[in-house]
Amino acid sequence: MDSGRRAMLAFGVVLILLGAFFAVLQFVPGLRDWLDLYFAWPLAIIGFAILLLLLGLLAEIPAMVVPACIFGGIGGLLYWQSVTGNWDSWAYAWALIPGFVGVGLFLLGLTSARERKNIGAGIWLVLISAVMFLVFGSAFGAFLGGWGLVARYWPVLVIAFGVLSLIEALLRFRR
């Protein structure tokens, strides 16, 4: 089966699932109350991420895992902010977005033999994102007692990145 036909079949399945979801919402009013749309609107973004993932799997387009991870991560972050009311966390939470890309690249590398090189890139993006999240989160005093922890241990972060760079260079040299 050619890729165009698979994509159309996958799109049809996604539309059927989407229609079924809205039909259930229409005919089971208690489900709408259970979802509590005041807090649950980010679940629509997570649902879109799941649809992207399904579309990619059904159409055999492994690269769709990357945008699915981005949308899913942002949807999860928005859900957490909606439930907690901590909207100020955007001052540092944006630093997680490269990590969502990294998770997508990592999963892409695992699911596609041609994309194995993305595993390392994904891990690096997750690490860089985590460090940025710690630095900006500490800068805005969100956690870890403000700058105290990062100001004290930043040399350890530099050493850790140096060690990781050496390991990657040695692994590339052996190949």
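In the set 113, 121, 95, 130, which member is over 19 Å from residue 157 (Cβ atoms), free of Cβ contacts under 8 Å to residues at least 60 places away in the same chain, in contact with a Leu (Cβ under 9 Å, 6 or more places away or on another chain) and small (Gly, Ala, Ser)?
Working: 113 fails: in contact with a Leu (Cβ under 9 Å, 6 or more places away or on another chain); 95 fails: over 19 Å from residue 157 (Cβ atoms); 130 fails: over 19 Å from residue 157 (Cβ atoms).
On inspection, the qualifying residue turns out to be 121.
Scanning the stretch 112-125 for residues that are of a type in the set (S, T, N, Q) and at pLDDT below 85 gives a single hit, 112. Considering only the stretch 60-90, state which residues are closer than 19 Å to residue 114 by Cα, assigned to a helix (DSSP H, G or I) and aliphatic (A, V, I, L, M). If the condition is that a residue be closer than 19 Å to residue 114 by Cα, assigned to a helix (DSSP H, G or I) and aliphatic (A, V, I, L, M), then 63, 64, 65, 66 are the ones that fit.
Could you go through the stretch 59-80 and let me know if any residue there is hydroxyl-bearing (Ser, Thr, Tyr) and closer than 30 Å to residue 20 by Cα. Yes, that holds for at least one residue.
The values are calculated or read from the model by the stated rules, or taken from the named source; none is laboratory data. Bear in mind that the values here come from a model prediction, so they are computed numbers and not experimental data. FYI the Cβ positions are ideal-geometry reconstructions off the backbone, even for glycines, and counts take in every protein chain you see.
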